[in-house]
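Input: a single structure, listed below in structure tokens.
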Amino acid sequence: MAKNILVCDDAAFMRMMIKNTLTKGGYTVAGEAENGAKAVEKYKELSPDLVLMDITMPEMDGIQALKEIKKIDGGAKVIMCSAMGQQAMVVESIQAGAKDFIVKPFQEERVLEAVKKVIG
């Protein structure tokens, strides 16, 4: 079941928390990125099964990165994460192709439930 996941968040502690949750859930973290531009680079390099991406990041935000990743791979699976539960951002993410949306602070069960729903 070890599916490869790319974790993108500008906060190192958030990446660590997400990684721990995914690892406990039986998933493999293929790589990490601290901003949207790096996320796009890492996506090209790793071709992960799933990307967990923060929306608010320096250099390139998560929504821009999502759009770039979708250009590279129309079938890319991306779950967006954000502390801002702003309806507009959720809608924009889903319209840009995100498969799900997790609001921070998140419960481990919610993260695993979203991942399982998207990639099994």
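Screening residue 87 with (1) surrounded by fewer than 16 Cβ atoms within 10 Å (Cβ to Cβ); (2) within 10 Å of the chain's Cα centre (by Cα); (3) not small (Gly, Ala, Ser) gives one miss only, at (2).
Of the candidates 25, 74, 62, the single residue that is under 21 Å from residue 117 (Cβ atoms), without any contact (Cβ under 8 Å) to a residue 24 or more places away in the chain and of a type outside the set (D, E, K, R) is 74.
Please go through segment 20-29 and give me each residue that is buried (at least 20 other Cβ atoms within 10 Å of the Cβ) and not in a helix (DSSP H, G or I), ordered by number. Across segment 20-29, the qualifying residue is only 27. Go through segment 1-18 and give me each residue that's without any contact (Cβ under 8 Å) to a residue 60 or more places away in the chain, surrounded by 18 or more Cβ atoms within 10 Å (Cβ to Cβ) and either out of contact with any Leu (no Cβ under 8 Å at 6 or more places or on another chain) or among the aliphatic types (A, V, I, L, M) (or both). Matches in segment 1-18: 6, 7, 10, 15, 17.
Residues that are open to solvent by less than 20 Å² (accessible area, probe 1.4 Å), within 14 Å of the chain's Cα centre (by Cα), over 24 Å from residue 13 (Cβ atoms) and free of Cβ contacts under 8 Å to residues at least 60 places away in the same chain: does segment 112-119 have at least one?
Taking segment 112-119 as the starting set, the residues that turn out to be open to solvent by less than 20 Å² (accessible area, probe 1.4 Å) are 114-115.
Now restrict to residues that are within 14 Å of the chain's Cα centre (by Cα): 114-115.
Among the residues that remain, those that are also over 24 Å from residue 13 (Cβ atoms) are: none.
No, because not a single residue in segment 112-119 is open to solvent by less than 20 Å² (accessible area, probe 1.4 Å), within 14 Å of the chain's Cα centre (by Cα), over 24 Å from residue 13 (Cβ atoms) and free of Cβ contacts under 8 Å to residues at least 60 places away in the same chain.
The set of residues in segment 35-58 that are out of contact with any helix residue (DSSP H, G or I) (no Cβ under 6 Å at 6 or more places or on another chain), of a type outside the set (A, V, I, L, M) and buried (at least 18 other Cβ atoms within 10 Å of the Cβ) comprises 35, 38, 42, 48. Scanning segment 97-110 turns up no residue that is open to solvent by less than 30 Å² (accessible area, probe 1.4 Å) and part of a helix (DSSP H, G or I). Scanning segment 68-83 for residues that are closer than 23 Å to residue 15 by Cα, not β-branched (Val, Ile, Thr) and not in a loop (DSSP other than H, G, I, E, B) returns 68, 70, 80, 81, 82. Identify, please: which residue in segment 60-72 is surrounded by 14 or more Cβ atoms within 10 Å (Cβ to Cβ) and charged (D, E, K, R) and is, among those, nearest to residue 35 (Cα to Cα)? Step by step, filter segment 60-72, then rank; the result is 61.
The values are calculated or read from the model by the stated rules, or taken from the named source; none is laboratory data. Just so we're clear, the structure is a prediction, and the values are computed from it rather than from any experiment. In this analysis, Cβ positions are derived from the backbone assuming ideal geometry, glycine residues included, and neighbour counts consider all displayed protein chains. Surface areas here come from the heavy atoms of the whole protein model, side chains and all, with no ligands, DNA or RNA. Shrake-Rupley method; radii C 1.70, N 1.55, O 1.52, S 1.80 Å.
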